[in-house]
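Sharing a structure, written as structure tokens. Questions coming.
The values are calculated or read from the model by the stated rules, or taken from the named source; none is laboratory data. A quick note: this is a predicted structure, and the numbers were derived from the prediction, not measured. Because the Cβ atoms are built from the backbone with ideal geometry, glycine has one as well, and the counts that use them run over all protein chains shown. Heads up: the accessible areas ignore ligands, DNA and RNA and are worked out on the full protein's heavy atoms, side chains in. Shrake-Rupley method; radii C 1.70, N 1.55, O 1.52, S 1.80 Å.
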Amino acid sequence: MAVSSTEPAKHQRIALIGNPNVGKSVLFGLLGGHYASVSNYPGTTVEVSSVETTLHREKTTFWDTPGVNLLVPMSEAEKVTRDILLTEPIDAVIQVADAKNLRRSLLLSLQLAEMGIPFLLNLNMEDESSKRGILIDKEQLASLLGIPVVGTIAIKKKGIEELKQKIASVRTSTFAFHYSKEIEEAIHKIEIRLPNSRISKRSIAVMILAGDKSLNDWLSIGVPPPVMKEIEHIQNETAEKFAEPLLYLMNRERLKQVDLILKTVFLKKSGQKKEWLELFGKLSMHPVGGFVVLTGVLFALYEFVGKFGAQTGVNWLEKVLFGQYLNPWAKAFFSTLFSSSPFLSDLFVGPYGLITMGLTYAFGIIFPIVLTFFIFFGLMEDSGYLPRLAVMMNRLFRIMGLNGRAVVPMVLGLGCDTMATVSSRIMDTKKERVILTFLLALGVPCSAQLGIILGMFGSLPRWAPFLWGGVVGGVMIFMGFLASRVLRGETSDFIAEIPPIRRPLLKNIMTKTIARLEWYLKEVTPLFLIATFFLFLLDRLHLIAAIQNAASPLIVKGLSLPPEATEVFLAGFLRRDYAATYFFDLFNKGMLDTTQAIVCLIVITLFVPCLANLLMIVKERGARTATVMVGLVYLIAFAVGGIVNFILRI
């Protein structure tokens, strides 16, 4: 693929392909830089990243494709990856493999070889395979497959330069194998009826025989209807000859070939001691030990975010920095500047001032909570605990019509429901995506809101968090169960690759935390100011009192909350965490008793999503679905709050 200096510059396109959790996106960032464009693949909700750079004096575009287990699609993400190879002008593929789980990766390698696509095999995470006593003869593996094989440790940037050099020698694999006689005959019959494409006719014939219906749209363009009927007849006739599905039979043959390769290239040292991290990783998925670990994680979350962030951090920033220095200075400055205009003075430093309320809430109360949560989430993410949590929660999510894969958007929702709504695309079916989006909007508090809640628990009886968690969790499980029965559609199976427990790298955590804080400053802080300005206008127009009177039967009588809570729910539409912050302020001022505080926490957790999340729901699910979701969330939040208030008052 290299060009001489006398030849005109070419544009090469390289796709990174691999199983989930093999470090593909890290490698993508190292090869192409961090300024990648992200967009939905045409006709899907699956995001594909691409970046343009220069490699070996050639203009090069790298594509970061979704993680796949097979190139015979079983999900929308796998279909997108297959379609990129089938229809896009891809010149070469870098297959990223987990060095300690080579068997699974080689299954994908054989499919790439069958497609006739030039590729190289990158054995990533070599440090982890070495710790497990696994050694791979890369030269022998390269000889067997007929392609370059390179080892890397992407997170430590080791082997990256060698990988870049090897890209110039990428080539089509020389490895070939055969299926049973009947299947080979059927492959040949289908192959001669297919048009030319970017991948081999043989590989397309294999997909058709395996029952891949997702190829029908592509086939309808280049294959006449009579020929399509012939192909369908060949597929059906061949399938009838076997008691087992053809996909299963062909994968079994591939695995036999993989095992033969492994016998030649795979070595494992003896006498390797199990590290405490490996033992901890196994304990975290144990039926009993896993919940012990989860309890410890939640306790650490409470101590770090709920106490250190929401109490120590907030007390210093809100009461000292803003309370004693910034706000008094701002009041003096703007009162003097706008001495002839009380309207403008109040806009900045009044009871609903952009500085005294908006910025104070955004930075004095929310910022330390967001900061501590993002650090904690980074630890969970970098350590490899999140996939284990998915395994632990799979059975519970099944009740709600989901599977363990939903744990990632759920945990992301604890950071930001807007981001989590986008990540609901990882679910394989439309039904699962709708249920997950609804549950995120209904009962998953964002980081700022969660921090405020945890902070309030520090001053409430010890039973309060259990009641709050039981009610919110019970409502989510019950509504998920109902949704799974009411909505039409299918659910998918859960197959997860469990990475090893790792020691988190401080640099990785800080990089992710800084990126998320940048998002907070750009996206969230302006909404705090908008919410404050909204309240300011309502106050100036004397509408807050009118709304309080109109909502009195519901807020004051139904929930037994003070009239001031009405404006909290108004602002809560713009941001749920803003409303939680205001409740936190009312509680600190002694305007809420224990029962009122608990009712507030339950209602605001089950309350309508913030404006940003609402817009994202409209974008992802459509205006009609979003309207139904918001209506249900309103109804459920106030109904549950009223029931809890009634029971506690008894």
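Please compute the Cα-Cα pair-distance distribution of segment 318-392 with 5 Å bins starting at 0, giving whole percents from short to long.
Cα pair-distance distribution for segment 318-392, in percent: 3, 15, 17, 15, 10, 8, 7, 7, 7, 5, 3, 2, 0.
OK, next. Return the percentage of antiparallel bridges among DSSP beta bridges fully within the chain, rounded to the nearest 5 %.
If we restrict to bridges inside the chain, about 45 percent are antiparallel.
Measure of size requested: the Rg and Dmax of segment 374-485, with Cα atoms as the atom set and Å as the unit; please supply both.
14.1, 43
Too long at a 30 Å Cα-Cα cut-off: which of Lys164/Lys522; Lys100/Lys157; Lys307/Lys557; Lys181/Lys431; Lys100/Lys522?
Values: Lys164/Lys522 35 Å; Lys100/Lys157 18 Å; Lys307/Lys557 33 Å; Lys181/Lys431 41 Å; Lys100/Lys522 40 Å.
Too far apart for the 30 Å limit: Lys164/Lys522; Lys307/Lys557; Lys181/Lys431; Lys100/Lys522.
Further question on the same structure: Please work out the Kirkwood hydrodynamic radius for segment 271-345, using every pair of different C-alpha atoms, and report it in angstroms with one decimal place.
Mean inverse Cα-Cα distance, inverted, gives 16.9 Å.
Report the accessible area of Cys446, computed with a 1.4 Å probe over the heavy atoms of all protein chains in place, in Å² rounded to the nearest 10.
Counting only protein heavy atoms, the figure is 10 Å².
Roughly to the nearest percent, how much of the accessible area of segment 289-386 is carbon and sulfur, given a 1.4 Å probe?
For segment 289-386, the apolar C and S fraction of the accessible surface comes to 74 percent.
Sticking with this structure for a sec: Test of understanding: express the Cα radius of gyration of segment 582-650 as a ratio to 2.2 N^0.38 Å, with N the residue count.
Details: Rg = 14.7 Å, N = 69, 2.2 N^0.38 = 11.0 Å.
In units of the globular-protein estimate, segment 582-650 measures up at 1.34.
Per residue, how much accessible surface does the chain expose to a 1.4 Å probe? Answer in Å², no decimals.
Using a 1.4 Å probe on heavy atoms only, each residue of the chain averages 45 Å².
Give me the net charge of Lys229's neighbourhood, meaning all other residues with Cβ under 13 Å from the Cβ of Lys229; Lys, Arg count +1, Asp, Glu -1.
Its environment carries a net charge of -2.
To continue, here is another question. Can you list, largest first and rounded to whole Å, the semi-axes you get for the chain by taking the square root of 5 times each eigenvalue of its Cα gyration tensor?
So the equivalent ellipsoid measures 52, 27, 25 Å along its semi-axes.
For segment 288-412, what is the largest minus smallest coordinate of the Cα atoms on each principal axis, given in angstrom and ordered from greatest to least?
66, 29, 20
Whenever you get a sec, compute what percent of the accessible area on segment 66-183 sits on carbon and sulfur atoms (1.4 Å probe).
49 percent
For segment 40-129, build the convex hull from the C-alpha positions and give me its volume per residue in Å³.
Convex hull of Cα atoms, per residue: 116 Å³.
Could you work out how far apart the two model spin labels at Leu505 and Arg488 are, taking each label as a point 7 Å from the Cα in the direction of the beta carbon, and quote it in nm?
4.9 nm
Can I ask one more? What does the charge add up to near Gln12, with Lys and Arg as +1, Asp and Glu as -1, over the other residues with Cβ less than 9 Å from its Cβ?
Values: positive: Lys10, Arg13, Lys59; negative: Glu58, Asp91.
Result for the neighbourhood of Gln12: +1.
Please state, as a whole number in µm²/s, the translational diffusion coefficient that the Stokes-Einstein equation yields for segment 215-345 at 37 °C and 0.692 mPa s, with Rh defined as the Kirkwood radius across alpha carbon pairs.
136 µm²/s
Another question, if that's okay. Excluding Asn315 itself, calculate the net charge of residues whose Cβ lies under 14 Å from the Cβ of Asn315, where each Lys or Arg counts +1 and each Asp or Glu counts -1.
Local net charge: 0.
With only alpha-carbon pairs counted, each pair once and no self-pairs, how large is the Kirkwood hydrodynamic radius of segment 80-161 in angstroms?
13.4 Å
Next question. Multiply the residue gap between Thr172 and Val391 by 0.36 nm, knock off their C-alpha separation, and tell me the result in nm, one decimal place.
Difference between extended and current length: 75.1 nm.
For segment 467-477, take each phi angle, set θ = phi - 60°, evaluate the Karplus expression 6.51 cos²θ - 1.76 cosθ + 1.60, and give the result in whole Hz per residue in order, putting x for glycine and proline.
5, 4, x, x, 5, 5, x, x, 5, 5, 5
Expressed as an acute angle from 0 to 90° and rounded to the nearest 10, what is the orientation of the C-alpha long axis of helix 181-191 relative to the principal long axis of the chain?
Between helix and principal axis, roughly 80 degrees.
If the chain between Met591 and Met285 were fully stretched, how many nm would it gain, using 0.36 nm times the residue separation less the Cα-Cα distance?
105.8 nm
Distance check, please: which entries in Lys79/Lys241; Lys138/Lys430; Lys319/Lys619; Lys79/Lys138 exceed 32 angstrom between their Cα atoms?
Distance filter (> 32 Å) returns Lys138/Lys430; Lys319/Lys619.
Keeping all protein chains in the complex and leaving out DNA, RNA and ligands, what accessible area do you get for Arg132 with a 1.4 Å probe, in Å² to the nearest 10?
100 Å²
Can you pull a Stokes-Einstein diffusion coefficient for segment 173-272 at 4 °C (1.567 mPa s), Rh from Kirkwood over Cα pairs, as a whole number of µm²/s?
Estimated via Stokes-Einstein, D reaches 85 µm²/s.
In addition: Compute the Kirkwood hydrodynamic radius of segment 388-439, taking the inverse of the mean of 1/r over all pairs of distinct Cα atoms, and give it in Å to one decimal.
Radius from the Kirkwood sum: 10.6 Å.
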